[in-house]
Amino acid sequence: MKVSAKFVTGPIDNLFDPKLGIYLPSYEEEKERIVTFQELALRRKNMKYPFSCLQTQLFEAMLREQQFLKVLKENPIAELPENRQNMFLEKAFLPLYAMREIANGMGFRFMDYNLALMQAIGNVSNGVDDLSSEGIMHELDYFGALSDVTPPNKQVFLCSLCDLVGTGDILTKDENEFEVIEVKKGHPRGARITRQKEKLKALEDFFNSRKKTLEGHELQLINLPCRRNYCSELNEAINTCLQNSISSFSISDYQLVYCINTRDSQNLSEERINDIYKEVEKTFGKRCIDFLSVKYMHKTGLSVPFSVFPISPNNLAEILLEGVMFISFISLDSVEKHITDKGWKFVNTIKETAEKDFFTSPIYIAVDKNNVEHNFTIPIDYLMDCGLNFIDLDCLLDNSIYISNNYSGAFTSYYEDEYKIWK
């Protein structure tokens, strides 16, 4: 074995020439990292110090990935055309996205799977904040100090890790109290600080009183039964897909799901994908909508994080690193028949001109011919919950019927025992 020594000095930018070559880890090495982070997130979710330590490790890993991406963007590979360059960057971004999604799952579990709370303090984020900024570094310092001085039964969560929190920088909780904390460096003053304080106070008042006035209308917080999902079928389908390239399973008479092993490039050929859509058309007809995991998983807020699905850490890593993708198809004809079979008539509000812009259009109004006050709308969110989260549509319809019989006006829902359907 040859032994050598070297001495280096100077700013980090002067120590390396990225044009000499940058190496991307193999898929299997990246997958091992993501699997390990998810296993730790699940094992430490109810602990204090190991949970705080994991957040610090995850923060550092995400920061390194962010710095690495910055180098790639600032030093494009001259030999690659622009489209190949973009593909290269997209692949390099996936580990950072996967870590962020694991942090999203940690945040959702930290909020005790409370969808109403997640929506109230949530924020749809399309990217990752600069984790090296002075403000976030100050939050990290405060997070470390707070973890050391809070009682052993109180957990602390760093919000900069995830996309789920738009209000607050640090969350703390024990069995009796959930607290949202804004962290500011220096002396807080000015109109912006006042607005942030008012926002925090409004959040606190809403969850304590379970109602608030919004633009002249009362918004209620109501309790609903736990929902059901079909994620266990997804887990089995991914296992089969990894062995057989493509697998499918039927959730109900209105939903069909295909899982595709993308590491076999033949599976992504236009001919193979077209064959899948032709098979679905034979089963369901042309009036279908589809949900692609690789299209929607980067848009936090549309669904609960994939990292709380009751699937194995190995299969989660396959989805997050796009080794496996799923396409979830929902038949509108079958959904309409399903609603009719439950004894409800409905008004179809989908217009031919609106189908191209489906996700901004209303879907159905379910009509109770005996009492119009019990009519309820079926929003696109219901179909997205079925398509992305594999939620049982009957649960959503039953909740709507219950709400129409017992409530009026605007509301947001808290699902009792929601944790039972997730990890």
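Summary table
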quantity: Flag for K201 being within 27 Å of the chain's Cα centre (by Cα) and surrounded by 12 or more Cβ atoms within 10 Å (Cβ to Cβ); calculated: no
quantity: Qualifying position, being modelled with pLDDT of 75 or more, farther than 23 Å from K154 by Cβ and not small (G, A, S), among K201, K185, K211; calculated: K211
quantity: Hey, G387 among the small types (G, A, S), modelled with pLDDT of 80 or more and either under 24 Å from I260 (Cα atoms) or in a loop (DSSP other than H, G, I, E, B) (or both) or not; calculated: yes
quantity: Close pairs from the stretch 223-239: first at positive phi, partner buried (at least 16 other Cβ atoms within 10 Å of the Cβ) and in a strand (DSSP E or B), Cβ under 9 Å, at least 6 apart; calculated: none
quantity: Breaking point among (1) β-branched (V, I, T); (2) modelled with pLDDT of 90 or more; (3) open to solvent by 30 Å² or more (accessible area, probe 1.4 Å); (4) under 18 Å from the mean Cα position of the chain (by Cα), for I311; calculated: (3)
quantity: Identity of the residue in the stretch 132-149, of a type in the set (A, V, I, L, M) and in contact (Cβ under 8 Å) with a residue 24 or more places away in the chain, that ends up farthest from Q57 (Cα to Cα); calculated: L146
quantity: Residue tally, condition open to solvent by 50 Å² or more (accessible area, probe 1.4 Å) and among the hydroxyl-bearing types (S, T, Y), over the stretch 231-264; calculated: 4
quantity: Any hit, the stretch 82-100, residues being buried (at least 21 other Cβ atoms within 10 Å of the Cβ) and basic (K, R); calculated: yes
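The values are calculated or read from the model by the stated rules, or taken from the named source; none is laboratory data. The structure presented is a predicted model; accordingly, all values stated were derived computationally and were not measured. Quick reminder, even Gly has a Cβ in these numbers, built from the backbone with ideal geometry, and neighbours come from all protein chains shown. Accessible surface is based on the protein model in full, side chains and every heavy atom, while ligands, DNA and RNA are left aside. Shrake-Rupley method; radii C 1.70, N 1.55, O 1.52, S 1.80 Å.
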